[in-house]
Amino acid sequence: MTGAPRPATSRAPGEPLLTVRDLHVHLGRSHVLQGVDLDVEKGAVTGLLGRNGVGKTTTLKALLGLVPRTGTIRLQGVDGSIEKRPTPWVVRQGVGYVPEDREVFAGLTVEENLRLAEPMARATGVEPDYDQVHQLFGELYERRKQKAGTLSGGQQQMVALARVLLGRPRLLLVDEPTKGLSPRLVTEVAQVLERVAERTTVLLVEQNLSVVRHLVQRVVVLDAGRVVHRGEAAELLADADRTRELLGVGARRDAKADAGTARPEVTS
Amino acid sequence: MSTLLLLLATGLGLGALYFLVASGLSLIYGLMGVLNFAHGAFLSAGAYGTWWASQHLPGAGPDGAGFWLAVTFGVAVGAVLAALVELLLIRPLYRRHIEQVLVTVGLSLAAVALLQGIWGSDPIPFPRPSWTAGTVRVAGAAIPADRFLLIAAALAVLGGLLALLRYTRVGLVIRAGVENRSMVEALGIDVRRTFTLVFAVGGAAAALAGALGSVYLGSVTPQQGTSLLIFAFIVVVIGGLGSVTGSAAAAVVVGLVQQLANYYAASGVGDLSVVLLLAFVLLARPQGLSGRTA
């Protein structure tokens with residue numbers, strides 16, 4: 001990472017860009033989300049945390065409409081709630097999504113993967129932001145004719161991020177962007193996210209507490225489909241016992257991570 | 001040698017016919033996950049539409065440019081029917097695959113019954129341009145000209161589909177959708193609009209198969225679509241679901257195996273050979289020739 005973590009001092013939450021109330025998702029017989037309430041502060045990085053299988057990914061998918069959901073979802077600047085709207089409509093309101101496991105189109109070239117995202121930008125009245133993409137991911141331009149399926153995991157993550165940034169989203173939903181990456185790539189991805197967060201509101205699902213500590217201002221913790229904690233990220237991570245209780249991981253502060261080596265410190 | 005050449009040409013012609021039906025089936029399944037058992041109805045619509053147009057449509061007829069006008073009419077009927085089926089029957093059942101199968105099976109049965117009710121179940125002589133009745137000599141073998149008609153049509157459709165997929169925006173969406181439909185939607189693309197187009201294109205190709213297949217067979221019957229559909233499904237599975245080039249390769253293999261087995265073993269062994277080939281491919285390479293999984 002690029003240096004010291006962002007200051008995350010205690011302060012009142014700012015204006016919410018996204019407001020979620022009583023969000024429920026049923027998948028088959030499972031009641032996966034059981035009334036999730038969530039505010040995503042405009043201009044901030046909100047971390048959606050929790051153990052495996054508590055509903056973090058499902059929450060992101062529910063916000064986009066990729067799974068059937070009930071409840072109220074409001075996006076600033078959009079009249080009425082959006083929970084009954086189809087996924088493409090939600091995305092065209094400026095909601096970008098970087099899924100878990102990247103989900104790049106393996107049989108398409110890097111260039112084609114990016115071209116698919118162009119209508120998302122045009123729907124909001126702007127041209128696709130290739131300048132930002134080339135600035136952040138110079139390597140992708142060199143590999144633009146290469147099939148995305150032949151890229152490394154880190155490069156695929158860059159494609160997934162570049163693809164969504166092209167559409168200039170005002171809210172970015174990012175699901176475990178460092179999952180399965182080497183420590184060096186974790187650092188690179190975190191650096192990119194840090195720069196993205198300077199201009200975009202982010203809701204981040206992340207297991208790597210070094211990344212959380214570095215990027216996230218506010219956290220919402222899920223357990224069994226319900227919110228069990230919300231507050232400042234720094235406050236939670238400073239309390240090792242509470243972190244272990246909520247996340248089931250060690251909360252040892254890793255000085256090296258903050259110094260720039262970003263060693264994953266999640267210990268189950 | 002001339003016998004083998006004739007068999008190869010006939011096998012290729014048959015394969016071309018299978019490809020015309022299978023290409024649409026494959027794209028529809030690959031993009032939408034819909035097993036379209038009503039695809040045979042599009043074929044029948046093309047065959048009957050062409051036959052009807054050759055009798056009644058001003059300017060159309062059984063020969064010359066009139067024949068091609070009749071075929072164009074038949075293809076348009078197939079495409080419009082396919083688009084309507086997608087809009088009215090498939091779209092309301094989006095992601096409800098069992099119901100989609102039931103609806104398409106029901107529609108295929110209803111289409112046969114409707115055609116029988118209107119024009120009867122006896123074979124109807126089909127308009128046949130005079131030049132298709134002739135033969136072309138290739139290395140001493142007299143190859144019926146209608147084989148070349150089928151092969152040329154299949155090559156044209158293959159080229160058109162590949163160009164659509166490779167060089168157009170909608171083709172890019174189709175290729176991406178075949179890989180991961182949810183992710184395409186998560187990029188803000190309403191993939192359902194593409195569904196209608198894919199259905200219409202698939203329906204048009206099947207209708208062309210209906211028209212040209214009826215030229216090859218010399219007549220049209222209400223069951224024609226259903227019987228060809230079985231082999232088209234086999235071609236789709238062998239070729240790899242969602243792959244146009246896989247379907248093309250599989251169609252050639254199936255057509256040749258069927259034809260050669262029928263001649264060198266016994267009549268009827270061709271169909272058995274194709275089923276055995278399907279079983280072998282499913283065991284050895286379940287993802288099909290193109291390497292794509294179901």
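The values are calculated or read from the model by the stated rules, or taken from the named source; none is laboratory data. As the structure is a computational prediction, the values presented were derived from the model and not from experiment. Because the Cβ atoms are built from the backbone with ideal geometry, glycine has one as well, and the counts that use them run over all protein chains shown.
For this structure, a couple of remarks:
- The single condition from (1) touching a residue at least 12 places away in the same chain (Cβ under 8 Å); (2) of a type in the set (Asp, Glu); (3) farther than 23 Å from A:Arg115 by Cβ that A:Glu139 fails is (3).
- Lone qualifier among A:Arg51, A:Arg102 - being modelled with pLDDT under 95 and within 10 Å of another protein chain (Cβ to nearest Cβ): A:Arg102
- Residues that are hydroxyl-bearing (Ser, Thr, Tyr) and over 18 Å from the mean Cα position of the chain (by Cα) within the range A:68-107 comprise A:Thr70, A:Thr72, A:Ser81, listed in sequence order.
- Of the residues making up the range B:135-174, just one is of a type in the set (Lys, Arg) and either crowded, with 20+ Cβ neighbours inside 10 Å or on the phi > 0 side of the Ramachandran plot (or both), namely B:Arg147.
- Looking only at residues of the range A:100-122 that are of a type in the set (D, E, K, R) and part of a helix (DSSP H, G or I), we find that the one that is surrounded by the most Cβ atoms within 10 Å (Cβ to Cβ) is A:Glu118.
- Of all residues in the range A:134-149 being within 14 Å of chain B (Cβ to nearest Cβ) and assigned to a helix (DSSP H, G or I), the one that is surrounded by the fewest Cβ atoms within 10 Å (Cβ to Cβ): A:Gly149
- Within the range B:159-176, tally of residues that are among the basic types (Lys, Arg) and within 15 Å of B:Ser247 (Cβ to Cβ): 1
- Elements of type strands (runs of 3 or more DSSP E) contained in the range A:27-99, each with 2 or more residues being of a type outside the set (A, V, I, L, M, F, W, C), touching a residue at least 40 places away in the same chain (Cβ under 8 Å) and surrounded by fewer than 16 Cβ atoms within 10 Å (Cβ to Cβ): A:30-41, A:70-75
- Hey, B:Thr72 at pLDDT 95 or above and more than 21 Å from B:Thr226 (Cα to Cα) or not: yes
- Scanning the range A:76-97 for residues being in contact with a Leu (Cβ under 7 Å, 6 or more places away or on another chain) and within 14 Å of chain B (Cβ to nearest Cβ) gives a total of 9.
- Here the condition is being under 28 Å from A:Gln217 (Cα atoms), out of contact with any Pro (no Cβ under 6 Å at 6 or more places or on another chain) and within 10 Å of chain B (Cβ to nearest Cβ); of A:Thr124, A:Thr57, A:Thr72, it holds for A:Thr124 alone.
- Residues of the range B:187-214 satisfying the condition of being crowded, with 24+ Cβ neighbours inside 10 Å, touching a residue at least 60 places away in the same chain (Cβ under 8 Å) and hydrophobic (A, V, I, L, M, F, W, C): B:Val198, B:Phe199, B:Ala204, B:Ala205, B:Ala206, B:Ala207, B:Leu208, B:Ala209, B:Ala211, B:Leu212
- Elements of type helices (runs of 4 or more DSSP H) in the range B:138-194, at least 2 residues being at the interface with another protein chain (Cβ under 8 Å from one of its Cβ atoms), under 25 Å from the mean Cα position of the chain (by Cα) and farther than 30 Å from B:Ala9 by Cβ: B:169-179
- Test result for B:Ala9, part of a helix (DSSP H, G or I), among the small types (Gly, Ala, Ser) and in contact with a strand residue (DSSP E or B) (Cβ under 6 Å, 6 or more places away or on another chain): yes
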